[in-house]
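See below for the structure under consideration.
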Ligand SMILES: CC(C)(COP(=O)(O)OP(=O)(O)OC[C@H]1O[C@@H](n2cnc3c(N)ncnc32)[C@H](O)[C@@H]1OP(=O)(O)O)[C@@H](O)C(=O)NCCC(=O)NCCS
């Protein structure tokens, strides 16, 4: 299949998102900008990109990058375990989190040829990565989002996150949670002579 660059400036097909062995000195993160409108969340993401590039990020996290067919960075996200900032309730404790996500400001508002947004591709990859870390299970995942950050709220809502009411944390952000999920388990016929049952885990929506 050939590659093509549409008016979005994105060469498709985009490369499969990949986790970096280390984000330190990963050049495209150096001057990364998801926006220069002065929104607090843009500043946080831009600073995180630079901190990752400089090797100043101390949290144990995995950085996932989305690059287009020419290798240009479209966006990045970081996943890791973090303390859920809730003092009480059943979601208390440490849980998987999408710590940061951002797409290059030149691609904000753009869609890929299949209709998904770059943020969709990144968030899907983040959730896949977390499931991989958990041996194929989908654990509870959380993120904190500013109430005014409409694009981010819309993105997380599309991927099964719900706002937890009255959970304002530092800076007024609200905690969003994607509950633990069971992936569909398809029963596979037991081979003659085999003991027990074989259960094949398949991704939700996939044909058995
Ligand atoms: C959150 C984010 C990754 C989602 O990316 P995405 O799903 O690819 O979607 P986009 O932001 O590009 O576009 C979503 C909508 O926002 C609009 N938009 C574009 N630029 C915008 C801007 N600077 N400010 C506000 N909205 C903007 C788009 O037109 C689009 O509208 P539509 O859905 O009606 O078409 C991306 O918005 C981003 O990088 N934001 C800045 C960093 C950030 O907020 N990170 C999350 C912190 S929790």
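So how compact is region 55-143: Cα radius of gyration and Dmax in angstrom?
Spelled out, the Cα radius of gyration and Dmax of region 55-143 are 14.6, 47 Å.
Identify the residues of region 122-142 with backbone N under 17 Å of a label point that sits 7 angstrom from the Cα of residue 169 along the Cα-to-Cβ direction, or state none.
127, 139-142
Largest first and to the nearest Å, give the Cα extent of region 9-201 along each principal axis.
Extents along the principal axes, in whole Å: 63, 45, 32.
Need the full-extension length gain, residue 113 to residue 20, defined as separation in residues times 0.36 nm minus the C-alpha distance. One decimal, nm.
Working: separation 93, 0.36 × 93 = 33.48 nm, distance 2.52 nm.
The residue 113-residue 20 span can extend by a further 31.0 nm.
Laboratory data are not the source of any read-out in this text; all were calculated from the coordinates shown. What you see is a predicted model; the values in this text were computed from it and never measured. Reconstructed Cβ throughout: ideal geometry from the backbone, glycine too, with neighbour counts over all protein chains shown.
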